[in-house]
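A short write-up of the structure that comes next.
The values are calculated or read from the model by the stated rules, or taken from the named source; none is laboratory data. No experiment lies behind these values; they were computed from the predicted model shown. FYI the Cβ positions are ideal-geometry reconstructions off the backbone, even for glycines, and counts take in every protein chain you see. Heads up: the accessible areas ignore ligands, DNA and RNA and are worked out on the full protein's heavy atoms, side chains in. Shrake-Rupley method; radii C 1.70, N 1.55, O 1.52, S 1.80 Å.
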Amino acid sequence: MSRFFATGSDSESEESSSTEEITPKASGTTFKQSLLLSDDEEDTKRVVRSAKDKRFEELTNLIKTIRNAMKIRDMAKCLEEFEQLCRAFLKSKNIVDKEGVPPFYIRLLADLEDYLNQLWEDKEGKKKMNKNNAKALSTLRQKIRKYNRDFEAEIAAYKENPQESADEEEEKEPEDSGSSSESEAEAGDEGVSAKSFLKKKPEAAPEASKFLKSAKGSGDESSSSEEDDDDEDWGSDTVDSGSESSDEGEGKSASLAVVFLKKTQETDKTAIRKIGKKKKLKKNERLEEEAEEDKGEEIEGGWEKVKGGVPLVKEKPKMFAKGTEINTAVVVKKLNEILQARGKKGTDRAAQIELLHALAAIAAENNLGQGILVKIKFNIIASLYDYNPNLAAFMKPDMWKKCLDCIDELLDILFDNNNNIFIGENIAEDSENLAVSDQPFRVRGCVLTLVERMDEEFTKIMQNTDPHSQEYVDNLKDEGRVCGLVDRLLGYLENKGSTEEICRIYLRRIMHTYYKFDYKAHRRSLGLQGESKSEQDQEESEGEDSAVIMDRLCKFIYAKDRTDRIRTCAILCHIYHHALHSRWYQARDLMLMSHLQDNIQHADPPVQILYNRTMVQLGICAFRQGMIKDAHNALLDIQSSGRAKELLGQGLLMRNMQERNAEQEKIEKRRQVPFHMHINLELLECVYLVSAMLLEIPYMAAHEFDARRRMISKQFHHQLRVGERQPLLGPPESMREHVVAASKAMKMGDWRTCHSFIINEKMNSKVWDLFPETQRVRKMLVRKIQEESLRTYLFTYSSVYDSISMETLSEMFELEIPTVHSIISKMIINEELMASLDQPTQTVVMHRTEPTSLQNMALQLAEKLGSLVENNERVFDLKQGVYGGYFNRDQKGGYQQKQTYQRDQKGVYQQKQGGYQRGGYRNQNQGNY
């Protein structure tokens, strides 16, 4: 009989074995024997673990696998193990409800989410991933974000103080592992326990732990830091040693039921709790001792404990030692020392700017002269620009304000000492004169470059600000200050600058002026005055109109500039400004004389964007002046491409990464025009479509049966086709639908309906009210709609009338009789309308020269048959090996002309002379047969 059922002594076991031999086998002996353990099994250690330990061990093993996969960036493995972890956690739900969510589980969820977010933001790393890993990363990121919503409070608590959560976890572990301390000790060789995995510290051997315990009892405080590492495993070691000694004491006769005795568990728990409390107290004592030691070291002036990373500057370093005589040479030397750290890794840029400010203050206190002060100011402004090393980044508001203040102060110094300071890039550092002397100061530097960079930084700030926020409005207020600085520098350089520098600063001034509409000049041109006396006085006190300023600056650049780029930009800005203020003929003439359209494709992208903006503004100006054809021609290139937004630098279109990589996208974003300079794209498209409608509808009516009719505007025809494909036609809503509905009305000659679709409250608010002279534009539009509707009506219904009175036409279209007479006369002169005017009766007599619809269809059929015969002959000759056939033969014969009916310039369909010419079939037959 096995020892499993033994109760105590050897004699009892012998008696039981003897009785077992005598008694016959009962019916249930086979089942009992299956429960008995063999001798081999008795020798091995038996592990008895609670359900909690089993579940937690499964979780920790999965967590360890996930962390290993994270180290090698194996996202597919992470996803697979995370799904298994979720299933394992669901299985242990009953234990979690009793004990709470284990801290190591929360730690993994938080770490995994941070790790995935970091990988997701690393675009270069994502590109290098293979397809499976990239797909697994996306899936796992979505799953972890959704899964972590159930543990938001725990994760937030962990992230607030990860160290405390780790300490609490270490304290809870001995308490939680009381019921299974023996099993963990026995299972140490077989698998990874939750405790050993979470601590990530090597467990000390039993002998080492005993040694450390005795050392702690002796009160040796010098080894307290080492004790804490090993004391964490103290409870489990004592329990393990207790269980091992009990097993050895009982020997082979002991029963496995001893493991489940409650007394030993309770005593072990109390012991572990006491050890945990002692450990916590010990840790607090150690922290207090370290703090006291640090204080003592600070007092003694010994070693100082520092944090990793960039060293923090606690006190401002002293500029000069005590007793140093501060003169120009010493300050210049110190300045060079500060500048040597510029651009090096680990340099604190903000501290460098503060040092330069302090140096400038020292130079001012010691009256070292304006020369050294100007040099320091140059370097302060350069350091402010260098604060953001990334070219795409923009300046922070505080740095931007400092920069403007410094430039203002620098210009103040230059104006106050106008004749005593010479600055320039051509001055070598050796020849600088910074000391106070009879000679004027000579400083190396270029203030124009600083102001140009300031202007570029302002543009970057506006590009990177949300245009619909109050912040954008606040930043835009700085433009007045920027323009003021440009004007001040302009005045300074006009006296002391070179021609090239003057052209550069003039262009900066032009770029801040050309896109702004001068309302006050516009009011003066209309003869309007300010409502109040103060407004009138303000208008009188103000200087030149923007047109006069632009004219003066641009003409100087035309005459003096030697670089094509500055002159090109100045011409385009000048044309834009003329067009914006409705000076159509000046703008058109300047554009035609410059011949920019011939070689603009060779210019750099910013100049091309400026050219596109100028052409668009020119087209809108032509439309306002009633030049519909010119407006359409100017806007055709931009609108037909379908990329108006991108060509005008007002945004990027969504494209594939193959067409444009990330670097190209950054470059194109830097070329974008700030929002306050944008041209309204809906207004632009409306002007183009209305211009196309006024040109296309009469042309379509005149060439209704012409098979070779060409399209004037493809985009307009596209909108018409879209409108025709709609199954249900409701009232128009968008701007495009209004234009399409107006086009259909104009095609029928109904000008009133066309007018109501083009000019109404909705279209006024979207488009027409945005023009400066709204009322005049509306009147012009009504007039154009009436005239083009009259032309369309005559083209469409001329075959119906024998004659029609001009008075009737005048009443129908609400036009004056001379205007109707003028329109019809032009149509007759241009041979668009086959009619004649009967002057006494004021009627239009139609001539019956137009073919009927049946004749038109017959003509089209004959033309198509002729082309079909020609194609057939070519295919036949290709098969025979002779290219060209009857149509490319020598002069002896063949078809020389097609017999077709074509409309000549007079609008009359005539039969071309052709047919069989000399040679004909007769000569061909002789040659072929």
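In whole Å, what is the distance between the alpha-carbon centres of segment 685-701 and segment 475-490?
43 Å
Out of residues 5 or more away from G424 or on other chains, whose amide H comes under 5 Å of its own, with H placed 1.01 Å from N in the peptide plane?
Result for G424 returns V443, G445.
Using packing as a proxy for protection, rank 601-611, 694-704 so that the peptide with the highest average count of other Cβ atoms within 10 Å comes first.
Details: 601-611: 15.5, 694-704: 20.2.
Descending packing order for the listed peptides: 694-704, 601-611.
Suppose we keep just the alpha-carbon trace of segment 694-761; what are its Rg and Dmax in angstrom?
Calculated on Cα positions, Rg and Dmax stand at 12.4, 40 Å.
Can you work out the Karplus-derived ³J(HN,Hα) for every residue in segment 99-105? Use 6.51 cos²θ - 1.76 cosθ + 1.60 with θ = phi - 60°, whole Hz, and x for glycine or proline.
Whole-Hz 3J(HN,Hα) from phi for segment 99-105: 8, x, 5, x, x, 5, 6.
Can you pull the accessible area of F415 for me, 1.4 Å probe, Å² to the nearest 10?
80 Å²
Say the cut-off is 21 Å between C-alpha atoms; which of K460/K666; K520/K629; K629/K826; K375/K402; K52/K93; K714/K779 go over it? Kindly include the intermediate steps, with their values, before the conclusion.
Details: K460/K666 12 Å; K520/K629 31 Å; K629/K826 17 Å; K375/K402 17 Å; K52/K93 10 Å; K714/K779 28 Å.
Checking Cα-Cα distances, K520/K629; K714/K779 exceed 21 Å.
Rounded to the nearest Å, what's the spacing between the alpha carbon centres of segment 789-807 and segment 55-90? Just the number, please.
Segment 789-807 and segment 55-90 have Cα centres separated by 84 Å.
Cβ neighbours within 10 Å, averaged per peptide: list 511-521, 747-757 in order, most packed at the top.
The packing order, highest mean first, is 747-757, 511-521.
How much of V845 can a 1.4 Å solvent probe reach, expressed as accessible area in Å² and rounded to 10?
50 Å²
Defining a contact as two alpha carbons under 8 Å apart and six or more residues distant in sequence, what relative contact order in percent does segment 51-160 show? Intermediate values should be presented prior to the final figure.
Numbers: 63 pairs, mean separation 34.8, N = 110.
Taking the mean separation of contacting Cα pairs over the length of segment 51-160, I get 32 percent.
Cα-based Rg (one decimal) and Dmax (whole number) for segment 654-786, in Å?
18.3, 54
Using only C-alpha atoms and all pairs of different ones, pull out the Kirkwood radius for segment 328-497 in Å with one decimal.
Details: mean 1/r = 0.0586 Å⁻¹.
This gives a value of 17.1 Å.
Which order do Y585, Y115 take when ranked by solvent-accessible area (1.4 Å probe, heavy atoms of all protein chains), largest first? The partial results should precede the final answer.
Working: Y585 120, Y115 40 Å².
Heavy-atom accessible area, descending, gives Y585, Y115.
Which whole-angstrom value gives the distance between the alpha carbon centres of segment 318-359 and segment 431-474?
Measuring centre to centre over Cα atoms gives 21 Å.
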